[in-house]
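A quick write-up on the structure given underneath.
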There are 2 protein chains.
Amino acid sequence: MKRPTIADIARRAGVSKGAVSYALNGQPGVSEATRQRIVAIAQEIGFNPNSAARALSGASARAVGLTLCRPARILGIEPWFMGLISGFEAELSARSYALTLQVVATPELEVEVYRRWWGERRIDGVIVTDLRENDIRIPVLQQLQLPAVVIGGPGETGKIAQIWSDDAGAITEAVRYLVALGHRRIARVSGLPGLLHTQARTKAFNDTCSSLGLEAVTVPSDYTGEEGSRATRRLLIDTDRPTAIIYDNDVMAVAGLAVAQEMGLAVPGDLSIVAWDDSPLCSLVHPPLTALTRDIAEYGAHAARELLASIDGKEVGNVEAGTAHLTPRGSTAPPR
Amino acid sequence: MKRPTIADIARRAGVSKGAVSYALNGQPGVSEATRQRIVAIAQEIGFNPNSAARALSGASARAVGLTLCRPARILGIEPWFMGLISGFEAELSARSYALTLQVVATPELEVEVYRRWWGERRIDGVIVTDLRENDIRIPVLQQLQLPAVVIGGPGETGKIAQIWSDDAGAITEAVRYLVALGHRRIARVSGLPGLLHTQARTKAFNDTCSSLGLEAVTVPSDYTGEEGSRATRRLLIDTDRPTAIIYDNDVMAVAGLAVAQEMGLAVPGDLSIVAWDDSPLCSLVHPPLTALTRDIAEYGAHAARELLASIDGKEVGNVEAGTAHLTPRGSTAPPR
DNA sequence: AGAATTTACTGAACCGGGTAAGTTGTGGTG
DNA sequence: CACCACAACTTACCCGGTTCAGTAAATTCT
């Protein structure tokens, strides 16, 4: 079961290896007739260039890397990452780049993986998610000169490309909407406080609330359902409990809905709920959740495009993707 | 920013390339003193062997492939695949194998990807999910002699390793449990009917019901929330509606719960719900769902181990992983 | 002590593509 | 007709590891 090489094609076509290489890569140096003959033979015997050999002589491994740094139990139900991966894939497979994945436990291990992948020339670039304050990954990427695109800013990344969405605008829209409905006590259950986009959201939430003369209560959480439930309970046992809660992801919002139901509170009558990121999960539950919708797959595709441009040596700066917009559903209404 | 090679190490250590290779790979042929000197230098300059060069001369690409063939919108919220991926990773990264991922639209494209990956020597083996009747992927894998492990049987795969769980036993347990609670009209919303494990479950469900003198109603669905809702509505508008429904995955079960609530039926009072696969999703909703629990990550790790054994040339047969067991929660009770 | 074996290396071929440099052969031009 | 330009190749080396055959020195055996 020997897999065919260009030498096999060359022998059958009666030309040299070099000619075959030129022919298959669309390089000048062979006549059109010869090129077609060679291409036909390659087709016929099912030739695929050995990616290792290619990577060894050329430069590109035609693969990009993605590390997922969240506990395994949350990875499973967070629609976010899979949506992102689908988006990457759409762009990468169109340019026949492979996606190499690794699940890691800590940012330190993530850095190790980047070093190894780059050292092994396994990948041409990486997609970095969950940008943090003073993120330890950024200096390493700069030192290695490893092409990268960072999702989850904006933050300080030097020359490394970034892509982010205008979370501030979205959260302002959500707060204004709730206020228009008549809510005055609006709380928020946030994602991991160490992440930069969480901080951006918190700042925007605080600013919007104070400009409207409202108190801004944010309970930090970690995107998991358990923590989302806990945070919701803490908010709802308060005598002066909020009439609306904005959650930083859909999983926590669903968990919050269950807590409200368990406590005998009607949604949306006693409590309005807004989820950030509108996965099918939001429409699955009853009542369906009002959500801040954005096209996650398109976000991922955008990031992949930027990364490929950066790998091609093009200058890429900071790009803002589309803003999330409010999709009102059954979980929001004027407070009783 | 040139990445170091064994030639760099050889020069600094004053030995030949070959000696460095022996030293770093633990091969005999160098003295212990020299080996330690070489390893120290490699450490110091941060050497990583170029995986392309290694793959070119050796044989192994030290990577395995996984294709995901489900529509993007369902991939996002199905905890199943991410759980599986976490499991693979645990095993693969321990043996420093990379995981290469591709999202595809159809089994035909899946086959194309296998051919290309194998032709390019990008991977050493693949993990095949969602085994179907007369699966077109099996003959291709056999023809290519591409090491593989198949998840989702049992089915006819010749010499290709398989791993499956005893779905029949689990579904029997669920039906018996519901009958013991007093249910007599039990329905089931299944996954894609083309998949072999769906058929195995359907058969077991039918057998168990008929042995207990019950009518077995299975509505085929496709694992998505939308279809799960539709199937549930179809079942619940019946005058002789079931008092319990078993769903083939958690996403459809959650959707079914929402439909029941929307129709004013109390869960579990008017309708009991059992989900297959116990992701955190099941505990998130209210009431929390009774589920057929199995350790998906362990299932994935098991599959990865089998695949690596098969890549190492060991004979692997059909392996049965642990049976799912019933985890009773708030969504099941005696019918009113 | 001399032969046989073992140890610790070196040198070179090899994997399968990419590509710069060299070699034909053809046609056009002055 | 000599000369040049250019197309259409071939040749040969490169990438960075692995591995096998060969060699000199050290050790063991008789």
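The values are calculated or read from the model by the stated rules, or taken from the named source; none is laboratory data. Everything numeric in this text was worked out from a predicted model, so none of it was measured. Cβ atoms come from the backbone with ideal geometry, glycine included; neighbour counts cover every protein chain shown. When the accessible area is computed, the model is the full protein with side chains, heavy atoms only, and any ligands, DNA or RNA have been set aside. Shrake-Rupley method; radii C 1.70, N 1.55, O 1.52, S 1.80 Å.
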Selected residue (criterion: nearest to the other protein chains (Cβ to nearest Cβ)) from residues of segment B:72-99 that are open to solvent by 10 Å² or more (accessible area, probe 1.4 Å) and under 19 Å from A:Tyr97 (Cα atoms): B:Ala72
Tally, over segment B:1-21, of residues that are open to solvent by less than 60 Å² (accessible area, probe 1.4 Å), touching a residue at least 24 places away in the same chain (Cβ under 8 Å) and over 25 Å from B:Arg122 (Cα atoms): 3
Any hit, segment B:56-63, residues being more than 9 Å from DNA strand C (Cβ to nearest atom) and in contact with a Ser or Thr (Cβ under 7 Å, 6 or more places away or on another chain): yes
Failed item in (1) touching a helix residue (DSSP H, G or I) at 6+ places or on another chain (Cβ under 6 Å); (2) open to solvent by 20 Å² or more (accessible area, probe 1.4 Å); (3) within 27 Å of B:Gly330 (Cβ to Cβ); (4) of a type in the set (Gly, Ala, Ser), with A:Gly256 passing the rest: (2)
For A:Leu281: the one exception among (1) surrounded by fewer than 22 Cβ atoms within 10 Å (Cβ to Cβ); (2) in contact with an Asp or Glu (Cβ under 6 Å, 6 or more places away or on another chain); (3) not charged (D, E, K, R): (1)
Residue in segment B:276-301 that is farthest from the other protein chains (Cβ to nearest Cβ), counting only those that are in a helix (DSSP H, G or I) and of a type outside the set (A, V, I, L, M, F, W, C): B:Tyr299
From B:Asp130, B:Asp124, B:Asp135, B:Asp166, residue being of a type in the set (D, E, K, R) and surrounded by fewer than 20 Cβ atoms within 10 Å (Cβ to Cβ): B:Asp166
Residue list for segment B:22-37, filter: among the polar types (S, T, N, Q), within 8 Å of DNA strand C (Cβ to nearest atom) and either open to solvent by 40 Å² or more (accessible area, probe 1.4 Å) or modelled with pLDDT under 90 (or both): B:Ser31
Filtered residues of segment A:34-66 (kept if within 28 Å of A:Gly300 (Cα to Cα), touching a helix residue (DSSP H, G or I) at 6+ places or on another chain (Cβ under 7 Å) and free of Cβ contacts under 8 Å to residues at least 60 places away in the same chain): A:Ala52
Helices (runs of 4 or more DSSP H) fully within segment A:161-273 counting 1 or more residues that are within 14 Å of another protein chain (Cβ to nearest Cβ): A:225-236, A:250-262
Some residue of segment A:38-46 being within 8 Å of another protein chain (Cβ to nearest Cβ), away from DNA strand D (no atom under 13 Å from the Cβ) and surrounded by 18 or more Cβ atoms within 10 Å (Cβ to Cβ): no
Some residue of segment A:130-142 being assigned to a loop (DSSP other than H, G, I, E, B) and under 20 Å from A:His302 (Cβ atoms): yes
The one condition in (1) near DNA strand D (Cβ under 9 Å from one of its atoms); (2) within 10 Å of chain B (Cβ to nearest Cβ); (3) aromatic (Phe, Trp, Tyr) that A:Tyr22 fails to fulfil: (2)
